[in-house]
Amino acid sequence: MENKYLKKPWIRLYETLALPDTLEPYPEMSYTEYHLDEPARKYPNSLALVQFDYEMTYKELKEHVDRFATALTDLGVKKGDVVATVLQTSIQLAIADMAIPKIGAIHLLGSIIDSVDGLIDKCTRTECQVVIACHTNVKERDVIEKVKEAANTTGVEKIIITHTKDYSSNPPEHKEEEGVIWFTDLIKKYPPNPPKVDIDPKRDIAVLSFTGGATGTPKGVMLSHYNLVSHTTSFFGSLFPSSVTDLFEGVIRALMPLPQFQMYGHGMTILMLRHGYALLLVTDPRDMEEFVRLARKYHPLFTVGAPTQYMKLAKKAEDLGLLALSGSMPLAPTTQMRFEEKTGSIMMEGYGLAEFSPGTHVPSMVSVFVPLFGNEANAGEAFHLFNNFLKTIDISSLIEKILNMAGPDDIGLLLNKIIMFISKNTLVTPSGREKEIMGSIGVPCVDADIKIIDVVTEDEIPMDKVVKEGLTGEMCIKAPWRMVGYWPDVGSGTDEGGYVHTGDVVTIDEWGRTYIIDRVKEMVNVSGYKVYPKEIDDLLCDYPGVEEVAVIGYPDPGRPGSDILKVFIVTTPDRRGKMKKEDLIDYLRSRIPPYAVPKDVEFRDEFPKTSTNKILKKRLREEEIKKMSSYYTHYSYYSIDKERKK
C-alpha cells in the first residue's frame, strides 16, 4: 500500500471516483441562506415540497419561511432564544426549521413521541418559551395535550399549533382553541419581511437536537450554522464529483419517509433542498402505502430510510427502481437483498451521529457499482471517463438543455427504468451477489478524520495495522461539521484531540470501507471470550419469521466477571406463537462457537425503543438484572445508576 494511503486508505476510493482530497474552505454562510435562499434564487419555480398532493415551489417555500420568521419576531423571539418544534415530517416543519435560525434563534427539534416528562426536561433545560406543535399524531389531540401539560410546568409562554393537513389539497377547518395560535393564521397575517440579523456562522447555534437516550440521559447536541453548511457540502461532495451533482440540480425528486425531527431525516432534508430537489414527504414513517403511491406518481430517483422501513417495503412494493440509502441502525444483508430483489433498486448504507449533523460516512459509488463493472478499478475508470465527458463545456450545456426540456417526470421515469435494469440483470444475479459489497457503512466523508482506539487499553491503533492485520477498535471521529458541544457547554463531548468517541467497534479494509462489529458497551464477556451481540443479531435476521431481534448480555451471578447471553425476538405476524426456542438455539449452534450460543430466547410483541426508534437493549438488560436475587439486583442497579450519572 502506498504511503499516502496508510493513514487514510479511503483516499484510494476518492481518487477512483475523481473526488478531491479536501473540500475546504467551507462556506461561512448562515444556515437558511445556504439551504433555502440560494436554491430559491436559482430554482424559484421548481417543485420543493409535496405533502398530501399539495405542491409547493421554492419561491413559495421561501415566502412562507419569511412570513413565519417575521411572525416569530413580532411574537418576541430574538437572537439566541430557543424555539421548539414538536411536529411530524411536514411542510410546516421545513418552514419552521428555516425560519427560526433566519432570525438568529435556535431551533430545538422535539419529538412527537416524546413523553410529557421528556418535553418538560428539554424545555426547562433550554429555557424555551415558544413551542410549535402539531395538533394530532395518532390519537386526536395526543400531541397538543402533551405540549400544553408540559407548558404548565415550564417557562413556555406561547404555543403555535397546526394540523399536518393544513398543507394539503383539502385542508381542515380550525376550531377555536384557547391559549394557542394557529400556524397558518400567522402565515396569512404577516408579510415576508423578516429583520436582518447578524449571524456568526461558526459561533451561533442554528439547531439543537437531543440524542435518543439509548446510552443514558439525552444530551442536547448544539450545531452551528457552519456545522450544518459544511456537512451538506461534504456529504454530497463525497458521493459524486461536482460535475454530476451540478448537472442534476433542480430536476431530481426524492422520497422523505423519515421523521424530520431526528437528525438523520433532518440532515437529508436540508441536503436535498440545497440541491434544488423536490422532496416527497411521507408524514407518517410507518405509511408505506403512501411511500409507494408517491413513488408511482412522481418517479423519484432517490430515497432515504431505515432498515425496518425497507423490510416493510420489500413486502409491499415492486419495480420502484430507486437509489436507496439506509441509516439509523445496522442494515442486515438479508434486508438489503430482499429489497433489491423485490423493488429492482440499488441499496447503500451510510453512517452518522447527531453530533455530526449527522453524516460521517457515505457509500462509495465505486463500491456500489462493482457488480456492474467487475471490480473497483474498472468502476473507477468508468467514473473518470464520465466525469471528463461532463466537464466538456459544450457537452454539459447540451445535457442541461435536454434535461430541462424533458422535465422531472420523464427524467425520473427513465432513471427508474435504468436502475431496475441494472439491479435485475446485474446486481441480483448470482455473479452480481458474489461481487456486491454488503455490511459496510461506506467510507468517511471528505475532510472527516478517523482514529481507532483499542477497547481495552484505549491506546490508538495505527491505521495501517488496523487494515493489514484486520484489527478492531472503537471509532473516533472529528470533522469541520462536528458539533459545538453538548448543551449548554461549548467544547464538551470530545477528547483532547477534538474527537467524538462513537462507541462503535469497527474494522476497516484496504479501500477504507468501514464495517461495524458492535457497540463497545454491548460487547459481552462469556467466560473470558469476547462476544459481539450484533454478529448474532445479523445471523438471526436471516432466520425465517424473524422481524426484529436483540441479543443482550447480562451479568452471570454464578460466575463473577462473566455474562449470560439472551435473545429477544419479535416475529412476523404469520409466525406469532409458532416459532420454537429450541429451533433457534439449534440454528445458532451450527453457525457460531459454543460459548457464543445464547442460553435463552424470549418472544416479544414489541421492543422498548428510543424516540429515534432504536431498540433499547439497555432496558432489556436492566429487566433481566431485575429478575435476579435481591442482593444481586441491588448491586447491579447501583452499577447502572452510576453509569447513568456519567
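The values are calculated or read from the model by the stated rules, or taken from the named source; none is laboratory data. Treat the numbers as computed from the prediction; the structure is a model and nothing was measured. As a convention, Cβ positions derive from the backbone with ideal geometry for all residues, glycine included, and neighbour counts pool all protein chains shown. In case anyone asks, the SASA skips ligands and DNA or RNA and just uses the protein heavy atoms, side chains included. Shrake-Rupley method; radii C 1.70, N 1.55, O 1.52, S 1.80 Å.
A few remarks follow.
- Lys417-Glu602 pseudo-label distance in nm [points 7 Å out on the Cα-to-Cβ vector]: 5.4
- Of the solvent-accessible surface of the chain, computed with a 1.4 Å probe and all protein chains present, 51% belongs to carbon and sulfur.
- Cubic angstrom per residue, convex hull over Cα atoms of the range 252-342: 82
- Set the Cα radius of gyration of the range 211-264 against 2.2 N^0.38 Å, with N its number of residues, and you get 1.52.
- Considering only the chain, percent of DSSP beta bridges that pair antiparallel, nearest 5: 55
- Taken over the range 142-192, the alpha-carbon convex hull comes to 100 cubic angstrom per residue.
- All C-alpha pair distances within the range 268-318, sorted into 5 Å bins from zero, spread as 4, 18, 31, 27, 14, 6, 1 percent across the bins.
- Neighbour cut-off at most 15 other Cβ (10 Å), DSSP loop, GluC sites (Glu not before Pro), the range 441-506: Glu458, Glu496
- Other residues within the sphere of radius under 14 Å centred on the Cβ of Val292, judged by their own Cβ, net out at +2 (K and R +1, D and E -1).
- Low-density loop cleavage sites - trypsin sites (Lys or Arg not before Pro) in the range 72-137, where at most 12 other Cβ are within 10 Å (DSSP): Lys78
- Translational diffusion of the range 1-71 was estimated from the Stokes-Einstein equation, with Rh taken as the Kirkwood radius over Cα pairs; at 37 °C and 0.692 mPa s the coefficient is 210 µm²/s.
- The chain: calculated mean residue ellipticity at 222 nm from DSSP helix runs of at least 4, using -39500 (n - 2.57): -11500 deg cm²/dmol
- Against the compact-protein benchmark of 2.2 N^0.38 Å, the Cα-based radius of gyration of the chain scales to 0.96.
- The fraction of Cα-Cα pairs per 5 angstrom bin, counted from 0 for the range 537-599, comes to 4, 16, 27, 24, 15, 9, 4, 1, 0 percent, rounded to whole percents.
- Taken over the range 187-339, the convex hull of the Cα atoms encloses 177 Å³ per residue.
- Residue by residue, the range 487-504 carries 3J(HN,Hα) couplings of 3, x, 8, 4, x, 7, x, 10, 7, 4, x, x, 8, 8, 8, 7, x, 9 Hz when phi is fed to the Karplus relation 6.51 cos²θ - 1.76 cosθ + 1.60 (θ = phi - 60°); x denotes Gly or Pro.
- A 1.4 Å probe run over the protein chains yields, for the chain, 43 Å² of accessible area per residue, whole-number rounding.
- Solvent-accessible surface of protein heavy atoms, probed at 1.4 angstrom with all chains present, puts Asp489, Asp394 in the order Asp394, Asp489, largest first.
- Look at the alpha carbon pairs under 8 Å that are at least 6 residues apart: their mean separation over the length of the range 18-172 gives a relative contact order of 21 percent.
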